[in-house]
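The structure appears below as structure tokens.
The values are calculated or read from the model by the stated rules, or taken from the named source; none is laboratory data. Since the structure is predicted, the reported quantities are computational estimates derived from the model, not experimental observations. With ideal geometry, Cβ positions are generated from the backbone for all residues, glycine too; neighbour counts draw on all protein chains shown.
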Amino acid sequence: MKYDVIIIGGGPAGFTAGIYAARGGLRTILFTGSQPGGQAALTHKIENYSGVVDVEGFTLVSTMMEQAGNFGCEISFASVLDVKLAGEEKVVITDEGEYITSTVIVATGAKNRRMGLENEESLIGKGISFCATCDGSFFKDRPVAINGGGDSALTEALYLSNICSKVYLIHRRQGFRAAQILVDRVRANKKISLVLDSTVTALNGDPLNSLEVTNKVTGEKQNIAVDALFVAIGNIPNTDIFKGQLDLNEGGYIRTNEKMETNIEGVYAAGDVRITPMRQVITACADGAIAANSAIEYLS
Ligand code: NAP
């Protein structure tokens, strides 16, 4: 069977594209891959999605998935392994077989950046985590640290301060990238200690029991005893399978125009995977809607 549109990625951008494409009459299938919901589903609390006062990320994205399904968007949990995007018939190869489509919407989002420390990978699940909502409760009444200075790091620090005995927020400079309201809340929170101008330079113990933290200005090193380190130092786009086909910037993000069109006719990108000034659930949803509309226009 040939689809009108295949959506790759099951986060807010992908599901919203699914809602608009299926509701617009396109024969639509969406591949979520192994982590349905994307990074938004791992967010403890979303309070800036307009019209919703606050909601758990998982609940919001699950509702989007249900909504897309209700309009007839097929949803598959298969992972996409490769794509052939040139030509009128595009081929999407998954771990469950090959699919043919007239258009493709890429909404594959991004994955967590690593710190690059020697034993970082082997300590995942043994003190290193990339998701406070998922793992925070394992460290109830124990000291933990967070690395990063963006919205994710500060949101997670606030979340963990309700669970853990102490939260060290380690950030490589004085200024924060996060929204000012989060910075104000973190500064006012007595359980959170700021460790600024600093990076994590070693992970001690197995399971983790302390961090070596180096001050970048003074060169001074200190050991901080913690049972967990939550890493929130940004993201890397999931674009490996599109390299050599889609036009990417030096960071690997997909170039689009305002209609979410890529360099290949009939192929669109939406959400965190594309070059965009804002990576929020609400902007990802808007991208998904625009991408689906562009596919509808292209096919009509
Ligand atoms: P981000 O905004 O890219 O912030 C990454 C942080 O990690 C920055 O503070 C950065 O420092 C630091 N960093 C980067 N590489 C590092 C390294 N190698 N070592 C140490 N520190 C490093 O990432 P994010 O916080 O995950 O947010 C991603 C996107 O999602 C953003 O657009 C954000 O607005 C959005 N988001 C929104 C919400 C919300 O609105 N509720 C919640 C979560 C995420 P510098 O500042 O020095 O560069």
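Yes or no, residue by residue, for (1) within 16 Å of the ligand (Cβ to nearest atom); (2) under 21 Å from Gly148 (Cβ atoms); (3) among the aliphatic types (A, V, I, L, M); (4) buried (at least 22 other Cβ atoms within 10 Å of the Cβ):
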site: Asp197; (1), (2), (3), (4): yes, yes, no, no
site: Leu203; (1), (2), (3), (4): yes, yes, yes, yes
site: Lys216; (1), (2), (3), (4): yes, yes, no, no
site: Ala228; (1), (2), (3), (4): no, yes, yes, yes
site: Gly244; (1), (2), (3), (4): no, no, no, no
site: Met260; (1), (2), (3), (4): no, no, yes, yes
site: Pro277; (1), (2), (3), (4): yes, yes, no, no
site: Asp287; (1), (2), (3), (4): yes, no, no, yes
site: Asn293; (1), (2), (3), (4): no, no, no, no
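So that you can scan it fast, the table gives a plain yes or no per residue for (1) among the small types (Gly, Ala, Ser); (2) more than 20 Å from Ala292 (Cβ to Cβ):
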| position | (1), (2) |
| --- | --- |
| Gly14 | yes, no |
| Gly24 | yes, no |
| Val80 | no, no |
| Ile100 | no, no |
| Lys111 | no, yes |
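Out of curiosity, is Lys2 surrounded by fewer than 24 Cβ atoms within 10 Å (Cβ to Cβ), among the basic types (Lys, Arg) and touching a helix residue (DSSP H, G or I) at 6+ places or on another chain (Cβ under 9 Å)?
Spelling it out, it is not the case that Lys2 is surrounded by fewer than 24 Cβ atoms within 10 Å (Cβ to Cβ), among the basic types (Lys, Arg) and touching a helix residue (DSSP H, G or I) at 6+ places or on another chain (Cβ under 9 Å).
Would you point out which residue out of Ile170, Ile163, Ile192 is touching a residue at least 12 places away in the same chain (Cβ under 8 Å) and closer than 19 Å to Leu117 by Cβ?
One residue alone meets the criteria, Ile170.
Conditions tested, residue by residue: (1) outside the structural domain of Val53 (by TED's automatic domain parsing); (2) out of contact with any helix residue (DSSP H, G or I) (no Cβ under 7 Å at 6 or more places or on another chain); (3) more than 27 Å from Gly148 (Cβ to Cβ); (4) at pLDDT below 95.
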position	(1), (2), (3), (4)
Pro207	yes, yes, no, no
Val213	yes, yes, no, no
Asp247	no, yes, yes, no
Asp272	no, no, no, no
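Assess whether Tyr268 counts as being under 22 Å from Gly33 (Cβ atoms), more than 16 Å from the ligand (Cβ to nearest atom) and within 19 Å of the chain's Cα centre (by Cα).
Criteria met by Tyr268.
Keeping to segment 154-187, report how many residues are away from the ligand (no atom under 11 Å from the Cβ) and either at positive phi or of a type in the set (D, E, K, R) (or both).
Residues meeting the conditions: 4.
Quick one: is Gly251 within 16 Å of the ligand (Cβ to nearest atom) and not assigned by TED's automatic domain parsing to the domain that holds Gly149?
Criteria met by Gly251.
Residues to consider are Ile7, Ile19; find the one that is in contact with a helix residue (DSSP H, G or I) (Cβ under 7 Å, 6 or more places away or on another chain), part of a strand (DSSP E or B), under 12 Å from Ala292 (Cβ atoms) and hydrophobic (A, V, I, L, M, F, W, C).
Ile7
Only residues in segment 239-258 that are at positive phi count as the first member; pair them with residues that are assigned to a loop (DSSP other than H, G, I, E, B) and surrounded by 15 or more Cβ atoms within 10 Å (Cβ to Cβ), Cβ under 7 angstrom, at least 6 apart or cross-chain, and list the lot.
As it stands, the answer is Gly252/Thr239, since those pairs meet every condition given.
Filter segment 30-53 down to the residues that are more than 10 Å from the ligand (Cβ to nearest atom), more than 16 Å from the chain's Cα centre (by Cα) and surrounded by fewer than 23 Cβ atoms within 10 Å (Cβ to Cβ) and list them by number.
Hits for segment 30-53 are Ser50, Gly51, Val52, Val53.
Given Thr101, Thr133, which one is among the hydroxyl-bearing types (Ser, Thr, Tyr), within 28 Å of Ala284 (Cβ to Cβ) and touching a His at 6+ places or on another chain (Cβ under 7 Å)?
From the options Thr101, Thr133, the qualifying one is Thr133.
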